[in-house]
1. What figure in square angstrom, to the nearest 10, would you give for the accessible area of Ile23 with a 1.4 Å probe?
2. Could you name the lysines whose alpha carbon sits less than 23 Å from that of Lys26, not counting residues in the same chain fewer than 8 places away?
3. Between Ser53 and Thr29, how high is the FRET efficiency from 1/(1 + (r/R0)^6) when r is the Cβ-Cβ distance and R₀ = 41 Å? Nearest 0.05.
Amino acid sequence: MVQYQSPPNGRHHQGHTGAPHGIIEKDPTTGEPAGTLHESAQELVISKLPDYSVEQYVAALDHFQKTVSAPLGITTCFDARLTPKLGNAMEAFALLEREGRLNVRVRGAFLIDPWIL
């Protein structure tokens, strides 16, 4: 069972339930979770998932470069949610760079959120 707290500001929206700095949408009729998590409420699920392997990230990045960035002329991508738990993603970027296979510039931002760390 996953537990959560109400936001510190106590704000709730009709049809929503609070999680720290986030919202869990609920069906207004039944009160059941509707399946949409906003902001840090996503961590209730993400924190339970294992990281992908370096090989899986490399395969996904290769696929992205071949089917999206190259055909559309995308030269830079931005990952706004890097965390230490996603070390395999950073290793995959580094591996592709070392092997000369990274064809896009990559910018990243480390996620710093005391509610998640």
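The values are calculated or read from the model by the stated rules, or taken from the named source; none is laboratory data. Computed from a predicted model, the values in this text were never measured in an experiment. Virtual Cβ from ideal backbone geometry, glycine too; neighbours counted across all protein chains shown. These accessible areas exclude ligands, DNA and RNA; they are computed on the full protein's heavy atoms, side chains included. Shrake-Rupley method; radii C 1.70, N 1.55, O 1.52, S 1.80 Å.
1. Ile23 has an accessible surface of roughly 40 Å² with all protein chains in place.
2. Lys48
3. Efficiency, rounded to the nearest 0.05: 0.45.
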